[in-house]
Amino acid sequence: MLADGRVLRTGRRTVKGVASYDLTRLFVGAEGTLGVITEATLALRPAPQRPVTLAASFATTAQTGQVVERVVTTGLVPSLLEVMDRTCIRAVDDLLKADLDRDAQALLVAQSDAGGAAADTEIALLTRICEEAGADFVHSTDDPAEGDLLLAARRMALPALERLGTTLLDDVAVPRSRIAAFIDGCDAVATEHDLLVGVVGHAGDGNMHPTVIFDPGDAGQRERAFAAFDAVLALGLSLGGTITGEHGVGLLKRNWLEREIGPVSLAVHRAIKDALDPAGLLNPGKVFRAATAGDLEAVAGLTAVR
């Protein structure tokens, strides 16, 4: 539903199709600022087969990063590949009493749902990659119940961090080759701002969830927490990443959008918003900061060109 009440249907039923702009992606990624999605037609995928699960711990983040890079370069595509840093490992161990390696710098959890021999082969290859990278511990299982126990550590990472204080959860995505540098950088941010910063994320696609932990009743901690949050965003951009891989810009990251996409791209975004929602009715105030005179001139320039 567009801002003026018209109904727009996007997408197509064919596997391929490049007639016109990709409006489906545009509206899905617009955080409700261009229209209200009232109906979605989804494709069905086969249910996953019996999974094989692996967990591996490492003494250094560099070893962990080496595994992720090898996974990418070998063409291995596990259905799940997650990473946790030491702060998360210890928080989860305190919560679950799971006898995790509290001295490990990182824990990788992977899963293959290719089924049968294919899944066994994928996890065997990943086991070899972990061992060659110097993993301190590698264990795999094809028992779903045991696999769920291994995944429990990853699932409980955020609840475990939330027990330690108020959290600022981020979702910076970086190239997979820079995951180790990002985790180390977040550790440096934590030290610089005298706060806890735990990093958990999807190593398979580089989407990390650094989480700043602080006491909101302490004004100094609160100020340092938001400074640390900004430092993490700056770190992600410096590594060739993006300020948001999943959660969107919303309100908290509005001032960072232009730093990532640049003034020309920001002007294009504003022009699209103004064309579809000239009165600013849809999710007002989200994604874009208040326009400055320079922003308005840039949009006007695009309109003149159009």
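Observations, loosely collected:
Residue by residue, here is whether (1) in contact (Cβ under 8 Å) with a residue 40 or more places away in the chain; (2) of a type in the set (Gly, Ala, Ser); (3) not in a loop (DSSP other than H, G, I, E, B) holds:
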{"site": "PRO210", "(1), (2), (3)": "yes, no, yes"}
{"site": "GLU223", "(1), (2), (3)": "no, no, yes"}
{"site": "ASP230", "(1), (2), (3)": "no, no, yes"}
{"site": "VAL249", "(1), (2), (3)": "yes, no, no"}
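- Verdict on LEU44 being aliphatic (A, V, I, L, M) and closer than 23 Å to ASP274 by Cβ: no
- Taking the criterion of being under 18 Å from the mean Cα position of the chain (by Cα) and open to solvent by less than 20 Å² (accessible area, probe 1.4 Å), the only residue of the stretch 71-81 that qualifies is LEU81.
- Residue in the stretch 11-22 that is among the aliphatic types (A, V, I, L, M) and either surrounded by 10 or more Cβ atoms within 10 Å (Cβ to Cβ) or closer than 30 Å to ARG178 by Cα (or both) present: no
- Any hit, the stretch 181-197, residues being of a type in the set (A, V, I, L, M, F, W, C) and free of Cβ contacts under 8 Å to residues at least 40 places away in the same chain: yes
- Selection within the stretch 91-105 - buried (at least 20 other Cβ atoms within 10 Å of the Cβ) and within 19 Å of ASP148 (Cα to Cα): ALA91, VAL92, LEU100
- Complete set of residues in the stretch 23-67 that are open to solvent by 70 Å² or more (accessible area, probe 1.4 Å) and of a type in the set (Val, Ile, Thr): VAL28, VAL36, ILE37, THR38, THR41
- Residue match in the stretch 37-56 (condition: closer than 30 Å to LEU251 by Cβ, of a type outside the set (A, V, I, L, M, F, W, C) and part of a loop (DSSP other than H, G, I, E, B)): yes
- Residue within the stretch 235-245 that is open to solvent by 50 Å² or more (accessible area, probe 1.4 Å) and touching a residue at least 60 places away in the same chain (Cβ under 8 Å) present: yes
- Restricting the stretch 271-287 to residues that are among the small types (Gly, Ala, Ser) and either open to solvent by less than 30 Å² (accessible area, probe 1.4 Å) or part of a loop (DSSP other than H, G, I, E, B) (or both), the residue that is farthest from ASP4 (Cα to Cα) is GLY285.
The values are calculated or read from the model by the stated rules, or taken from the named source; none is laboratory data. Model, not experiment: these values are computed from the prediction. Note: ideal-geometry Cβ built from the backbone for every residue, glycine included; neighbour counts use all protein chains shown. Just the protein is used for accessible areas: all its heavy atoms, side chains included, with ligands, DNA and RNA removed. Shrake-Rupley method; radii C 1.70, N 1.55, O 1.52, S 1.80 Å.
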